[in-house]
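Notes for the one structure printed next.
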Amino acid sequence: MKKWLILLCLLLSLSIFLGAKGESFYLKGAFYQDWMALKTEGIDLYSRLSSRLKLTFWNKPGTGWTAYVDIRNRATLGDGGSNQFIIYDAHVDYNKLRGKLFFSLGQMNLYGTAGIGELTGALAGYRLTDYISMGAYAGLDPDIYNTEWDTEYTKFGFFLRYLGPGAKQVSLSINRLSFDGKMERQYLYANLLYPYKRLFVLYGNLEYELDKKITSEDRLSRMFLNTRINITRYADITANYSSGRGLDYHQFLLQQSQDPTLVNNEVERYFYNEMYGVRLSLKPIKNLRIYVARRESEQKDREIVNHTTRFGLSLIDILRTGISFYGNVNVNRGDASESDSFYLSASKNFGKLSWGLRFSNYYNAIRFSGQGTPEVIHIPDRQTLSTNLFLVLSRSLALSLDYAYSFRDTEGENEHQLFIRAIYRR
């Protein structure tokens, strides 16, 4: 951790010094101070203090040198408590919108460019046209939760990227992962985002294995497709298909680790190697949306097939009172399906103060092992009641308070969770 702190200090000092010599110094970011307490019957209070800093500074992105920092320090309080320093992002970019060359150095996220996640190393690219660029990357695979990396585990690859008008994007990359000098995996990654006017949006990504030892039927190791078609201004259809871990499982874990108050009742889908579904959404009147969805999920290796039907609706700013409502019901059937579940939430906007109330008949959470490994926990038939207050104190400062109470018929299963967050933005 000391080497990362030294690197971070040098990065900050260098960028501030060079930025101060220029005509202007760009700075945008946020600071989060969190405190979470968890109390389960028969178990001592668990309390955790967390500080997170996100900064983009030096020059405005696209105008030259820009530095990015996203770090967190998480401390478990009490006897036997531990401290965890996490680096989500710490790198510098050189990029000019009308320039030919661009590159990055440090620890960065390459999910969009190359589909290989976190990289500690360097990326360099060249713009062939205004919309098409190509380049390469190389480096190590970092463990962001333990702030370390294995020098024997390396990543290397080439990419071709199209960033066009109207948010159109296409990325292709060939990626090679090696351990101790020997190739562990080599695959092709493709990513597509194609919106067409206001009629439809198509998004997808895939991973195709290039190792000759892999059989042809196993080459397509990961695939995700999602499209939304606007039939009329009152109705739209969304369809999706995924195989392997087709959804961004790692991004899901990162989001949950950064905000433990997020509620998600679709954990099941992350463990199935094939899933497809369709949703019909209707908007008969302003601020009202109702939908029905059908999803099929399958674990081929275990011959498990499950079916889910979901009904939902949302009402925004009902009769201009500032009150909003959302609810959904999942009807699950199959060989090893989760229990039926529902989720209800209501909120009221008082201007600078907003208040929310939520209830569900399931319990989903993220827990971290002693090594900092995130794990998804799903407990069916455990009801959860939670409330939230969000207060905007000024243009830069806000406070958030969350309280959740989960309970089950089994004695000793009750749990209280309190989460307080202060947010400063610049």
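The values are calculated or read from the model by the stated rules, or taken from the named source; none is laboratory data. Keep in mind the model is a prediction, meaning the values are calculated, not measured. Positions of Cβ are generated from backbone atoms using ideal geometry, with glycine treated the same way; all protein chains shown enter the neighbour counts.
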### Query
With respect to ALA167, is the statement that it is closer than 30 Å to ILE229 by Cα, surrounded by fewer than 19 Cβ atoms within 10 Å (Cβ to Cβ), under 25 Å from the mean Cα position of the chain (by Cα) and among the aliphatic types (A, V, I, L, M) true?
yes
### Task
State whether one or more residues within segment 277-285 are in contact (Cβ under 8 Å) with a residue 12 or more places away in the chain, more than 25 Å from the chain's Cα centre (by Cα) and not in a strand (DSSP E or B).
yes
### Message
Please pick out the residue among ALA30, ALA67 that is within 29 Å of ALA124 (Cβ to Cβ), under 26 Å from the mean Cα position of the chain (by Cα) and not β-branched (Val, Ile, Thr).
### Response
ALA67
### Message
Tell me the residue from ILE144, ILE174 that is within 26 Å of ARG127 (Cα to Cα), in contact with a strand residue (DSSP E or B) (Cβ under 6 Å, 6 or more places away or on another chain) and of a type in the set (Val, Ile, Thr), please.
### Response
ILE174
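Yes or no, residue by residue, for (1) among the hydrophobic types (A, V, I, L, M, F, W, C); (2) under 29 Å from LEU280 (Cβ atoms); (3) not in a strand (DSSP E or B):
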position: THR151; (1), (2), (3): no, no, no
position: ARG161; (1), (2), (3): no, no, no
position: ARG176; (1), (2), (3): no, no, no
position: TYR187; (1), (2), (3): no, no, no
position: LEU192; (1), (2), (3): yes, yes, no
position: ASN205; (1), (2), (3): no, yes, no
position: PHE224; (1), (2), (3): yes, yes, no
position: THR227; (1), (2), (3): no, yes, no
position: ILE231; (1), (2), (3): yes, yes, no
### Lone unmet requirement of (1) surrounded by 15 or more Cβ atoms within 10 Å (Cβ to Cβ); (2) at positive phi for GLY80
(1)
### Among (1) among the aromatic types (Phe, Trp, Tyr); (2) in contact with a Gly (Cβ under 8 Å, 6 or more places away or on another chain); (3) over 28 Å from ILE86 (Cβ atoms) - the single one TYR162 does not satisfy
(2)
### Query
Quick one: in segment 51-66, which of the residues that are crowded, with 20+ Cβ neighbours inside 10 Å and of a type in the set (S, T, N, Q) is farthest from TYR88 (Cα to Cα)?
ASN59
### Task
Considering only residues that are aliphatic (A, V, I, L, M) and farther than 21 Å from LEU163 by Cβ, look in segment 106-153 and name the one that is modelled with the highest pLDDT.
ALA138
### Task
With the checklist (1) under 23 Å from ILE86 (Cα atoms); (2) loosely packed, with under 14 Cβ neighbours inside 10 Å; (3) of a type in the set (Val, Ile, Thr) in hand, flag the one item ILE144 doesn't pass.
(2)
### Task
Answer yes if at least one residue in segment 231-242 is modelled with pLDDT under 90, out of contact with any Leu (no Cβ under 6 Å at 6 or more places or on another chain) and under 21 Å from LEU119 (Cα atoms), and no otherwise.
no
### Task
Residues being farther than 13 Å from SER386 by Cβ and either among the hydrophobic types (A, V, I, L, M, F, W, C) or surrounded by fewer than 17 Cβ atoms within 10 Å (Cβ to Cβ) (or both): count how many of those fall in segment 345-360.
6
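Just need a number here: residues in segment 136-149 that are hydrophobic (A, V, I, L, M, F, W, C) and not in a strand (DSSP E or B).
1
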### Query
Given the conditions (1) β-branched (Val, Ile, Thr); (2) surrounded by 12 or more Cβ atoms within 10 Å (Cβ to Cβ); (3) modelled with pLDDT under 75, and given that VAL69 satisfies all but one, which numbered condition is not satisfied?
(3)
### Summary
Only one of LEU344, LEU397 is at pLDDT 90 or above and closer than 21 Å to TRP35 by Cα, namely LEU397
### Query
Can you find a residue in segment 296-311 that is among the small types (Gly, Ala, Ser) and over 29 Å from ASP218 (Cβ atoms)?
no
### Task
May I ask you to say which residue of LYS28, LYS39 is among the charged types (D, E, K, R), in contact with a strand residue (DSSP E or B) (Cβ under 7 Å, 6 or more places away or on another chain), at pLDDT below 95 and within 17 Å of ASP93 (Cβ to Cβ)?
LYS28
### Query
Is it the case that THR113 is in contact with a strand residue (DSSP E or B) (Cβ under 7 Å, 6 or more places away or on another chain) and assigned to a strand (DSSP E or B)?
no
### Task
Considering only residues that are polar (S, T, N, Q) and touching a Phe, Trp or Tyr at 6+ places or on another chain (Cβ under 9 Å), look in segment 262-306 and name the one that is modelled with the lowest pLDDT.
ASN265
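Quick grid of which residues meet (1) of a type in the set (Phe, Trp, Tyr); (2) more than 23 Å from ASP211 (Cβ to Cβ):
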| residue | (1), (2) |
| --- | --- |
| THR120 | no, yes |
| THR129 | no, yes |
| ASP143 | no, yes |
| TRP149 | yes, yes |
| ARG176 | no, no |
